[in-house]
Each structure stands twice: as structure tokens, then as C-alpha cells.
Amino acid sequence: MRIVGGSLRGLKLAELGAGDPAAHLRPTTDRVRESIFNLLINGTHGNPIPGARVLDLFAGTGALGLEALSRGAARVAFVDDGVAARGLLRTNIEKARAMGVTDVWRRDATRLGENRGAPYGLVFLDPPYGQGLGERALESALAGGWIAPGGMVVWEESAPPAPVAGLAQIDQRKYGDTTVTLLRAGHG
């Protein structure tokens, strides 16, 4: 696994092997990650990355958030409640020399609670597939004020996800067994 673009392009991230099924760690492949970022950067909806505050839910290895940093995001908050994931996250943040622009929170992404800081303009969501956790996490994020008005959500799932009130679908693509859905938060 490597960062595929931006200032950290080529940086090798900590290896996970085939993943950790017990911890629900299934990293986004480099190819799918590259496709996601091409969609964000070249899409008709405007590039949300430069200067963005990014929320990476079910962060796992942190590859999505670190890729966003590499491409100009200002800060990334990684949320994962798995011990294995947080160990890999910390290793990858150190490799990227990103300690000063990242936060790692041990928290259940489906029960975020109230956001006490500024909302996030770009949210990555890569939950364990097929368990309905993405819907619950986004409902929690919206209820807690985590997503900025007009903020973009990038959601990876095994199948097209159910609609979430307050978010409008703006694009959807299938890459192998992964469906990537782009959503935009309402304005208030």
C-alpha cells in the first residue's frame, strides 16, 4: 500500500497483508483509492480537498485520510475503535510525518456524540461491508454537527447504500466489489 498522489506520493504505508478479518480491517486498494481521488479532483462537483478539514470514519490504516493530506488537505481526524487499526494508523502517521496535522480518536463511528470543534468539509467512510454501519455513522455525524453544510462524503460499501436524510447523492461508481458513493450535505 502506497500513497498514490500528491506530496507524499510513493510513501509506503505499514503492511496489513490480506487484512485482519477479525478487526474488520480491509484496506482500500491503491487502485480504488486512486479512482476515488481522481473522481474528487476531476469531478464536476469541485475539488473538495485543498485546505479541507477531513474526517476519516472507520479509518483502519488511515490510507484515505493520509492520501487527502498528501493532496492538500489541512487536517485529518481519524476515528476507529479497533486496537489493531490504531496501531497501524499511528505507524502510518509517523511515516507520513503528519503528527501535527492529524488527530486519532478511539471512538465508535456510529456513536460520535456532539462535535465540539469546527465541522468537516470532507468525510471518508469505509465501514465493514454489509452491516448497515455506514448509515448509522452518517446519521450520528449529521446529528452531532460533524459534517459542514455543503460538505462532501465519500462512502465505500459492497453495494449501493440506502439513502441518508440530509445527504444528497451526487455520484456513484463501482470498482470490482466496491461501490463508491459521493454525497453532499444539505445547507442547513
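Every residue in segment 136-188 that is touching a strand residue (DSSP E or B) at 6+ places or on another chain (Cβ under 6 Å) and basic (K, R), please.
The answer is R173, R184.
Is segment 86-105 home to any residue that is touching a Lys or Arg at 6+ places or on another chain (Cβ under 9 Å) and in contact (Cβ under 8 Å) with a residue 60 or more places away in the chain?
Yes, that holds for at least one residue.
Condition first: hydrophobic (A, V, I, L, M, F, W, C) and touching a Phe, Trp or Tyr at 6+ places or on another chain (Cβ under 7 Å). Now tell me which residues in segment 140-159 satisfy that.
W146, I147, A148, V154
When you check V101 against the structure, is it under 25 Å from G10 (Cβ atoms), in contact with a Leu (Cβ under 8 Å, 6 or more places away or on another chain) and not basic (K, R), yes or no?
So V101 passes the test.
Only one residue in V79, V54 is crowded, with 18+ Cβ neighbours inside 10 Å, in contact with a Phe, Trp or Tyr (Cβ under 7 Å, 6 or more places away or on another chain) and farther than 20 Å from A14 by Cα, so which one is that?
V54 is the lone residue from the list that is crowded, with 18+ Cβ neighbours inside 10 Å, in contact with a Phe, Trp or Tyr (Cβ under 7 Å, 6 or more places away or on another chain) and farther than 20 Å from A14 by Cα.
Can you confirm whether L88 is in contact with a strand residue (DSSP E or B) (Cβ under 7 Å, 6 or more places away or on another chain), assigned to a helix (DSSP H, G or I) and either closer than 22 Å to V4 by Cα or of a type in the set (A, V, I, L, M, F, W, C) (or both)?
no
Applying the selection to segment 151-180, what residues are in contact with a helix residue (DSSP H, G or I) (Cβ under 9 Å, 6 or more places away or on another chain), of a type in the set (V, I, T) and not in a loop (DSSP other than H, G, I, E, B)?
V153, V154, T178, V180
Please work out if G65 is out of contact with any helix residue (DSSP H, G or I) (no Cβ under 7 Å at 6 or more places or on another chain) and either modelled with pLDDT under 90 or farther than 19 Å from G144 by Cα (or both).
Criteria met by G65.
Taking only pairs six or more apart or across chains, which ones have beta-carbon atoms under 6 Å, a first residue in segment 62-79 that is within 14 Å of R2 (Cβ to Cβ), and a second residue that is acidic (D, E) and surrounded by 24 or more Cβ atoms within 10 Å (Cβ to Cβ)?
Filtered contacts from segment 62-79: L64/D56.
Can you tell me which residues in segment 46-64 are farther than 22 Å from E135 by Cβ and in contact with a Lys or Arg (Cβ under 7 Å, 6 or more places away or on another chain)?
I49, R53, A63
Regarding L122, is this residue closer than 27 Å to D177 by Cα, at pLDDT 95 or above and in contact with a helix residue (DSSP H, G or I) (Cβ under 9 Å, 6 or more places away or on another chain)?
yes
Of everything in segment 32-50, what is over 15 Å from I3 (Cβ atoms), outside any helix (DSSP H, G or I) and either at pLDDT 95 or above or not small (G, A, S) (or both)? Give them in sequence order.
Listed by number, the residues that qualify are T44, H45, N47, P48, P50.
So, R90, is that one touching a Phe, Trp or Tyr at 6+ places or on another chain (Cβ under 9 Å), among the basic types (K, R) and either on the phi < 0 side of the Ramachandran plot or modelled with pLDDT under 95 (or both) or not?
In short, no.
Within segment 8-23, identify whether any single residue is within 14 Å of the chain's Cα centre (by Cα) and either at pLDDT below 85 or under 14 Å from L182 (Cβ atoms) (or both), and answer yes or no.
No: segment 8-23 contains no residue that is within 14 Å of the chain's Cα centre (by Cα) and either at pLDDT below 85 or under 14 Å from L182 (Cβ atoms) (or both).
The values are calculated or read from the model by the stated rules, or taken from the named source; none is laboratory data. All values reported here derive from a predicted model rather than from experimental measurement. Every residue, glycine among them, receives a Cβ derived from its backbone with ideal geometry; neighbour counts consider all protein chains shown.
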